[in-house]
Each structure stands twice: as C-alpha cells, then as structure tokens.
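K.L.:
Please find one structure pasted underneath; my questions will follow.
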C-alpha cells in the first residue's frame, strides 16, 4: 500500500509547480491563458476561505467562552486565566509588529513593482483611503460604535464587519453563562455541532489547497513576469516570522515567567515542556497536543490537576500566541508588498483584530489562515496577498503551534503558582 503524501508536502509541491508554471508561462507568452483558465481556481480557493470565516468565528467564540460554565465556582481563577492569556497574546503581537516593522520584508520589491501593485489594486486602496478620511472626521469613540452591529445579519454578510460578529458572539456566550444550564443546553449542542461541521469543512477546503496555491502562484508569477524579487521577499518574510516566534519563546516567555514566578528558572521550565513542543511541532494542532500537554504539565512541571483541567483546555481555544504574532507579521508584510504604508492607528487595529481573531482560531492545522483574512480585512489589505504566503504556511504552522502550547503551559504555571498549586520541586 502506497504511503499518502502529507498535505503540507502537497501544498509545497503545488507552490513550486505554480511558480514553475508561472515562469514557463512568461517565457512562452501564456500569461493570458494562465490568467483566464488557471488563476480563477485560485480565486475560488480564496472565496472558500472567506465563505467560512464568519460562521467559524461565531461558533468558535461562543463554544469557547460559554464553555467556561464553571467560572462561577472558579471565578477568580477564570478571570485570572483570561487576563494572563490576553497579556500573553498582546505581548506576542507587539513583538511581531516590532520585528516586521524593523526588518520590513515586503519592502524588498523595487519601486516600479510596487507601483504596479498600487495600480492593480487602486480601487481597493482608494476605498480604504476614503474610509480613513471619514474616520478622521468622526468622533474618537466611533470605533466603539462601529463594533456594535445594528443588524447581525447585515454584519455577517460582509467579512469587513467581522468585529461586529465577534462582539455579538461574545454577548451571546456571556448570556449563556448567566442562564441555567437546562435552558442553554440545546443551543450549546447546536453550536458544538456547527463548530464540528465547520472544522470538517476546513479539512475539506484544505484538501484543495495544493491546487489553490498552484493556481494563485501561477497567476501571481505571471503578473510579476517572473520577477525574482518576489522570491527574495518570501525568503525574508519566512526569516522574519521565525525570528518573531523565537523571540516570543526565548525573550518574552522568560521575562513573563520571571515577573510572576521569580524562583522558576526558564531552563528547567523549557526542559519540562520539550515533549509537549515536539508533539505540537509534529501535529501542528494544539487540540491534538492537549492530552500530552496536560499529562506532562502535571508530571514534569508540577502543576496541579485542577489547574491543568481548567486552564489548558481554555488555552487551546483562546490562547494563540504564535498565531497572533504570525498574523501581525503576515498582515504588515502583505501591506508592505502592496505598497501600503500603515499608520499607527491601523497597526493598532491589526493588534486588536489579531487578538480577537487568534481567540477564535481553532486549534487545528490551517485554521489560522482563515483568521488571517479577518485581520487583513480589518484594515483594507487585499486578501489576494494570501497567495504569497500559503505555500510557506505549513512549516510556519508547525512553529506557531509550538509557541501556542508553550504559551498555554506558561500561563498554566503562573495560575498554578498564584493558586498555591505549583510544586516547584517537581519542575525539571
């Protein structure tokens, strides 16, 4: 029986074949053929990802937040956990924004190529500029007004209104927590079923990813006329993301743990979570790694079972340090490629949206790509830029998952210490 080629290998093959076809198309004058008969399949793939963005965020957030139904008994620990996770993700996003603005990988394109991009997406960028001008004339609190939808169906019909959907989902989840379980149990089952169906739909869509990536990159290379600056930018982008993720693990987490647990040595903590990181790296799934995370956290880090049973499952749902760092870098990179100079306000919007989008990201391979669409849409960055990074997503996804589970265990360790349920002698 032949061994099936892993999906990430298929995507890489699709990427390489797409690049090769684009170069051949330029040489043989087949750019129009590629644009007419191949590129549309890439557009279909992008549209499929857009299609599930709203229901995925809606179901994931309601399921994750309303699942904290024991927060009444552990309200103090629950609020502490949520606060520490938010701090952790904000730190990761700030690191990502700092690194991508320092390295500026998207700026490796020459001015004339950037001019082509500006011309190609002139309408989209023009709309964004007009919207920005309107915002400047509005009240400083207008962004709060815009977050609250007046019609949820209208909000759900446009991906650019994703923040309104997120707010609505949070309100529903909080309401569910305040009602007796018997009244919300049927709806909870419905949301769980919807969430499971959407996750399966992601699996089905990702099966078409190799073909979508092939079509997108074939059309993109044709548009670029095979310009090698594209590949230089991708290489620098890859290095930027890896640098950001490593900075989160080896700079941010040691400081994070040192602040809350001065006596804990990061070397011992890191040694204790290596088995968790290896499983995360190989599966690219925080959810699949959860049983190992819980077991090793108890046995190797000395975290009490009560803490791991509460904090770690919540982390799989809402804590995505690696994902949020990556989304911030990817969004700014794509904006740089398009020649879009993001303001401080727009980068703060990326920070806020990346935080909420990461909370809604499912702990499965490929889920973060869907959420990246939300981040891009929040500041008007053309989602077609996803074609640039999809081929590199799998190896980066493996590294992102390592960061995600490291963040989960770091927060669980801090919560355990604050609840006097951490055995430091057990940490080795």
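K.L.:
Starting from the Cα-Cα distance between residue 17 and residue 171, subtract it from 0.36 nm times their residue separation and give me the gain in nm to one decimal.
P.N.:
50.9 nm
K.L.:
Taking R0 as 30 Å, what's the FRET efficiency between residue 251 and residue 271 from their Cβ-Cβ distance, rounded to 0.05?
P.N.:
0.95
K.L.:
Does region 232-340 come out rounded, prolate or oblate, given a ≥ b ≥ c as the square roots of the eigenvalues of its C-alpha gyration tensor, rounded meaning a/c under 1.5 and, failing that, prolate meaning a/b above b/c?
P.N.:
Prolate, since a/c reaches 1.5 and a/b exceeds b/c.
K.L.:
How far apart, in nm, are the 7 Å Cα→Cβ label points at residue 207 and residue 51?
P.N.:
Output for this residue pair reads 1.4 nm.
K.L.:
Can you sort 104, 188, 400, 27 so the residue with the fewest Cβ neighbours within 10 Å comes first?
P.N.:
Starting with the residue having the fewest Cβ neighbours, the order is 27, 104, 188, 400.
K.L.:
Which of rounded, prolate, oblate describes region 149-220, given a ≥ b ≥ c as roots of the alpha-carbon gyration tensor eigenvalues and a/c under 1.5 marking rounded, otherwise prolate only if a/b is larger than b/c?
P.N.:
It is oblate, given that a/c is not under 1.5 and a/b is not larger than b/c.
K.L.:
So how do 383, 332 line up by other beta-carbon neighbours within 10 Å, fewest first?
P.N.:
383, 332
K.L.:
Arrange 203, 397 by Cβ neighbour counts within 10 Å, fewest through most, would you?
P.N.:
203, 397
No value in this document is a laboratory result; all are computed from the given coordinates. Bear in mind that the values here come from a model prediction, so they are computed numbers and not experimental data. Note: ideal-geometry Cβ built from the backbone for every residue, glycine included; neighbour counts use all protein chains shown.
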